[in-house]
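Novice: First the structure, then my questions, so here it is.
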Amino acid sequence: MRNDMKTFNRKQLTRLAAAAAIALVPAAAFAHGKLENAVPAAGSALDAAPDALRLTFNEDLESTFSTVKVSDANGAAVTREKAKVDASNPRVLTVALPKISSGSYSVQWAVMTHDAHKTKGTYTFQVK
Ligand SMILES: [Cu+2]
């Protein structure tokens, strides 16, 4: 009886530890590569076409694995240059834009943070 109790308690402990480990996963996954600020902002309607895009994240980025693509309303890519991590702020990703006309544009970003976590997202903005 005593031995059975011990075995049972150990099993319960193992289950508890497993549950705790699972509970920690989502928090860790959300803590990385979050887009904190975008210029132009998501959903904005601009009077003048921007000549660059500037995305600020909550962690330092790896430039090799961080990309930004801007597409027009037909899905054609307008970005011709590669996105760059800002030399003075490793949390900032910038990409130059050619002259773009009025219309709706979608931004697709994908980044890898310094600790090798990858995240991606999309948003749109408009040029009036
Ligand atoms: Cu991370």
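Each value in this text was obtained by applying a stated rule to the coordinates, not by laboratory testing. Remember, it's a predicted structure, so these values are computed and weren't measured experimentally. So basically every Cβ, Gly included, is an ideal-geometry build from the backbone, and we count neighbours across all protein chains shown.
Novice: Can you compute the equivalent ellipsoid semi-axes for the range 28-127, i.e. the square root of 5 times each eigenvalue of the Cα gyration tensor, sorted largest first and rounded to whole Å?
Specialist: Here the semi-axes work out to 23, 13, 12 Å.
Novice: Can you give the net charge of the other residues whose Cβ lies under 15 Å from the Cβ of Val111, counting K and R as +1 and D and E as -1?
Specialist: +2
Novice: How much net charge surrounds Ser63 when only the other residues with a Cβ under 11 Å from the Cβ of Ser63 are counted, with Lys and Arg +1 and Asp and Glu -1?
Specialist: Once all neighbours under 11 Å are counted, the net charge is -1.
Novice: Filter Lys99/Lys120; Lys34/Lys128; Lys34/Lys69; Lys84/Lys128 down to the pairs with a C-alpha to C-alpha distance above 23 Å, please.
Specialist: Violating the 23 Å Cα-Cα cut-off are Lys99/Lys120; Lys34/Lys128; Lys84/Lys128.
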